[in-house]
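I'd like to ask some things about the structure below.
The values are calculated or read from the model by the stated rules, or taken from the named source; none is laboratory data. Just so you know, these numbers come straight off a predicted model, no measurement behind them. Cβ atoms come from the backbone with ideal geometry, glycine included; neighbour counts cover every protein chain shown. Just the protein is used for accessible areas: all its heavy atoms, side chains included, with ligands, DNA and RNA removed. Shrake-Rupley method; radii C 1.70, N 1.55, O 1.52, S 1.80 Å.
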Amino acid sequence: MRFHSKIQSYTLGIIFILLLLIIYLKNPANQLYILFAIAASLTITSLRTMIYSKFEKNKWSYIVASMEILPLLLISYVDHTNISQGLFFILVADLIIKYPYHFTLPYSFVTFVMYVGMEIEKQSYTSSMDILYFIINSVLVYSIILSFVYLAKSQIMNAAALKKLMQELEMKNKELEEMILVEERNRIAGEIHDTVGHTLTVALIELEASKMLKDKDPNLSLEKLDTARKQVKKGLADLRTSINMLKDGHHPLGFISSIELFVHNTMKHCFVEIEYIIQIETPLLPIQERVLYNAIQEGFTNGLKHANSKRFTLLIKEKGQVIQLALTNFGAVPAMIHMGFGLNNMKERVEGLGGNFHVTVAPGENFSIHIELPIG
């Protein structure tokens with residue numbers, strides 16, 4: 001990750017070039033050496049920048065960066081204004097911002113030692129105290145400047161890391177929103193499937209009966225047709241009720257009463273036998289009631305539609321901290337059961353509430369849905 005910006009690089013580059021120009025003009029006697037060193041310095045810096053922009057962690061980028069100190073040493077040796085000291089600071093600052101600590105820390109130390117050694121040689125100090133004073137002064141100045149640069153890099157790194165974190169968080173939020181939207185769509189599709197599916201199945205049975213009785217008993221045929229019409233009308237009303245349940249979570253008649261009404265309507269219109277037992281004392285959560293109610297709808301619909309069952313048993317009981325549901329149809333059960341949309345949707349919703357879902361099959365005899373939901 002690159003922590004520097006183009007503005008920072010351009011700013012340091014402009015200052016670097018201005019200092020080189022000033023050094024060139026202030027040292028007329030050594031302009032040839034300085035011009036050669038400037039050309040070498042700019043060439044090496046351009047090469048390092050080009051390699052770094054394409055291959056940030058390429059070893060050649062580090063090698064070329066290490067060579068940049070050489071022309072600056074030549075410039076500093078022939079410079080009589082001490083302006084060249086600023087070139088070392090700019091070079092080290094640029095490398096610190098761009099490169100990792102394990103490279104810039106030793107590089108900074110070596111650069112400082114080379115600069116101090118060359119300055120001591122150039123100034124020809126005769127007193128040990130003068131040399132000690134120069135070293136102490138250089139250490140203080142160098143330390144202050146490097147501390148400022150490293151602090152600036154730390155701020156840049158923190159800002160870049162925070163920006164990346166915010167981008168990742170925004171991406172995660174978008175993914176979460178999409179997941180919630182998909183789950184909500186599937187939930188609504190399941191609600192509509194469970195609600196309308198059973199009613200349309202009953203209406204279809206009545207229509208088939210009406211068709212068969214058209215010539216034998218016209219009056220009964222019309223009665224069956226009217227019942228089918230009422231079932232379609234009821235399906236629309238059930239759909240509105242289901243939508244309201246999606247909003248507030250409660251069935252208008254209460255959980256047990258709704259199941260009893262559903263069972264009696266199924267026996268009346270589908271001419272089936274249903275034995276049911278409901279033993280619940282602890283109030284359930286609205287979402288648990290809805291999942292169980294929809295499972296019962298789906299179970300009866302599958303038994304009527306796919307197994308042509310004429311007999312069902314339904315058991316809902318409270319056992320400890322668990323609600324158990326067992327719904328069995330005694331129809332023409334095939335040997336292989338395909339888990340379609342309704343059963344898969346039922347399984348997902350039960351497991352989403354921390355419950356267990358499984359089916360048992362006795363080919364040719366019965367098919368059972370078993371659900372366990374934790375209370376609370």
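Looking only at region 69-108, count how many residues are open to solvent by 50 Å² or more (accessible area, probe 1.4 Å) and under 41 Å from the mean Cα position of the chain (by Cα).
Matching residues across region 69-108 total 4.
When region 214-224 is examined, which residues are found to be open to solvent by 80 Å² or more (accessible area, probe 1.4 Å) and part of a helix (DSSP H, G or I)?
Residues satisfying the conditions are 219, 222, 223.
Another question, if that's okay. Taking region 137-162 only, how many residues are of a type outside the set (Lys, Arg), under 22 Å from residue 110 (Cβ atoms) and touching a residue at least 60 places away in the same chain (Cβ under 8 Å)?
0
Restrict the check to region 130-146 and report whether at least one residue is open to solvent by 60 Å² or more (accessible area, probe 1.4 Å), under 22 Å from residue 45 (Cα atoms) and modelled with pLDDT of 80 or more.
Within region 130-146, not a single residue is open to solvent by 60 Å² or more (accessible area, probe 1.4 Å), under 22 Å from residue 45 (Cα atoms) and modelled with pLDDT of 80 or more.
Let me ask another. Counting just the residues of region 16-40 that are touching a residue at least 40 places away in the same chain (Cβ under 8 Å) and within 13 Å of residue 91 (Cα to Cα), which one comes out surrounded by the fewest Cβ atoms within 10 Å (Cβ to Cβ)?
19
Going by the conditions given, is residue 43 without any contact (Cβ under 8 Å) to a residue 24 or more places away in the chain and not in a helix (DSSP H, G or I)?
no
Could you tell me which numbered condition residue 313 fails, if it satisfies all but one of (1) at pLDDT 95 or above; (2) farther than 19 Å from residue 262 by Cβ?
(2)
Also, I was wondering about something else. Taking region 315-342, which residues are in contact with an Asp or Glu (Cβ under 7 Å, 6 or more places away or on another chain) and part of a helix (DSSP H, G or I)?
342
On to the next question. Just need a number here: residues in region 79-91 that are touching a Ser or Thr at 6+ places or on another chain (Cβ under 9 Å) and not polar (S, T, N, Q). Show your work before the answer.
Step one: filter region 79-91 for residues touching a Ser or Thr at 6+ places or on another chain (Cβ under 9 Å), giving 82, 84-85, 87-88, 91.
Retained after the next criterion (residues that are not polar (S, T, N, Q)): 87-88, 91.
Of the residues in that region, 3 qualify.
If you take the residues of region 225-252 that are open to solvent by 20 Å² or more (accessible area, probe 1.4 Å) and among the aliphatic types (A, V, I, L, M), which of them is modelled with the lowest pLDDT?
246
Please go through region 340-360 and give me each residue that is surrounded by fewer than 16 Cβ atoms within 10 Å (Cβ to Cβ), modelled with pLDDT under 90 and under 23 Å from residue 311 (Cβ atoms), ordered by number.
If the condition is that a residue be surrounded by fewer than 16 Cβ atoms within 10 Å (Cβ to Cβ), modelled with pLDDT under 90 and under 23 Å from residue 311 (Cβ atoms), then 340 is the only one that fits.
In region 288-336, which residue that is open to solvent by 20 Å² or more (accessible area, probe 1.4 Å) and touching a Phe, Trp or Tyr at 6+ places or on another chain (Cβ under 6 Å) is farthest from residue 235 (Cα to Cα)?
Residue satisfying both the conditions and the ranking: 311.
Report yes if residue 341 is over 22 Å from residue 199 (Cα atoms), of a type outside the set (S, T, N, Q) and under 35 Å from the mean Cα position of the chain (by Cα), otherwise no.
no
Hey, can you tell me all the residues within region 61-90 that are under 16 Å from residue 122 (Cα atoms) and without any contact (Cβ under 8 Å) to a residue 12 or more places away in the chain?
Passing the criteria: only 82.
Which of the following residues is without any contact (Cβ under 8 Å) to a residue 60 or more places away in the chain, in a helix (DSSP H, G or I) and not aromatic (Phe, Trp, Tyr): 361, 350?
Selected residue: 350, the only one of 361, 350 that is without any contact (Cβ under 8 Å) to a residue 60 or more places away in the chain, in a helix (DSSP H, G or I) and not aromatic (Phe, Trp, Tyr).
Answer with yes or no whether residue 115 is assigned to a helix (DSSP H, G or I), among the aromatic types (Phe, Trp, Tyr) and open to solvent by less than 30 Å² (accessible area, probe 1.4 Å).
On the way: assigned to a helix (DSSP H, G or I): yes; among the aromatic types (Phe, Trp, Tyr): yes; open to solvent by less than 30 Å² (accessible area, probe 1.4 Å): yes.
Criteria met by residue 115.
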